[in-house]
């Protein structure tokens, strides 16, 4: 994927959400929102955003526990300081994001795309993507109908065209009946 070809590139990508404080040094328990939780060890500059207020800071240290990342950020030195950022989103600049492999896309680039069937019937618009453990699921907002959940697997996702803003899908039998 080349960003200059994408007419709606997202400047920053969300990589996590601060779940809670940790310890007495102002560390945070973070739920990573991408495929590469180890990225916190590599990234230096992050943006912590809560209620429209943005803090640009650096990652001082990162360690991993179960499905969480324990991070220490520059300038946040007490649990009380970190408590102010509970439930805040953590973003990185696109240029600092984990590089994509072939046929991979950033979730932020998929949100808002039209979803069509292999027969070019419009199903709706991508509203959300979320992990289920085995794979991601794409939530498609439909007009006057219940949202549709489509597994983001190669059997269902036929093509992603960021330039035209369309994801072409093959629906698994029974998926529309749910």
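Things worth noting here:
- Adding -39500 (n - 2.57) for every DSSP H run of four residues or longer, then dividing by how many residues the chain holds, sets the calculated 222 nm ellipticity at -1000 deg cm²/dmol.
- The modelled label-to-label distance for the pair residue 20/residue 103, using points 7 Å beyond Cα in the direction of Cβ, is 4.0 nm.
- Kirkwood hydrodynamic radius of the chain, Cα pairs, Å: 17.8
- Using every pair of separate Cα atoms, the Kirkwood estimate puts the hydrodynamic radius of segment 3-95 at 13.4 angstrom.
- Convex hull projection area averaged over all views, segment 84-178, Cα basis, nm²: 8.3
Where a number appears in this text, it was derived from the coordinates with a stated rule and is not lab data. This one's a predicted model, so the numbers in the text were calculated from it and none came from an experiment. Note that we place each Cβ from the backbone using ideal geometry, even for glycine, and neighbour counts take in every protein chain shown.
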